[in-house]
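Working notes, beginning with the structure itself.
The values are calculated or read from the model by the stated rules, or taken from the named source; none is laboratory data. Owing to the predicted nature of the structure, the values given are computational and were not obtained by experimental measurement. As a convention, Cβ positions derive from the backbone with ideal geometry for all residues, glycine included, and neighbour counts pool all protein chains shown.
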């Protein structure tokens, strides 16, 4: 999911300056598969209520991070001021990651059959640092 990578988010200034992640952060390394069949590595650094990608801008907001599940989302608006949402869900016990990208404003009617489906990508993550 290239959109997710492009919108990836920056690690805090302290982490960038030191070249390391904060001591209390979780670092996840994920193998993701694009729709073309190619795989790419996506890294996530989770610190408190934020989830960063090492070389991006901004951050995802963490809404759930317990022993079992990590759930974070990112919302941005297109030029027509319609919200688009991206979600990352990691099942910690299995390492399965699901990325969901929901493009707002592309629903073509009031019935569920008329709605545009979100893009979904599945991969596998391992916890590299806790």
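Numbers for the structure displayed
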read-out: Residue list for region 4-60, filter: surrounded by 14 or more Cβ atoms within 10 Å (Cβ to Cβ), under 13 Å from the mean Cα position of the chain (by Cα) and at pLDDT below 50; value: 4, 5, 7, 8, 9, 10
read-out: Failed item in (1) over 20 Å from residue 32 (Cα atoms); (2) surrounded by 16 or more Cβ atoms within 10 Å (Cβ to Cβ), with residue 77 passing the rest; value: (2)
read-out: Where residue 115 falls short, out of the listed (1) free of Cβ contacts under 8 Å to residues at least 12 places away in the same chain; (2) surrounded by 12 or more Cβ atoms within 10 Å (Cβ to Cβ); (3) closer than 21 Å to residue 33 by Cα; value: (3)
read-out: Residue in region 90-104 that is outside any strand (DSSP E or B), at pLDDT 85 or above and surrounded by 12 or more Cβ atoms within 10 Å (Cβ to Cβ) present; value: yes
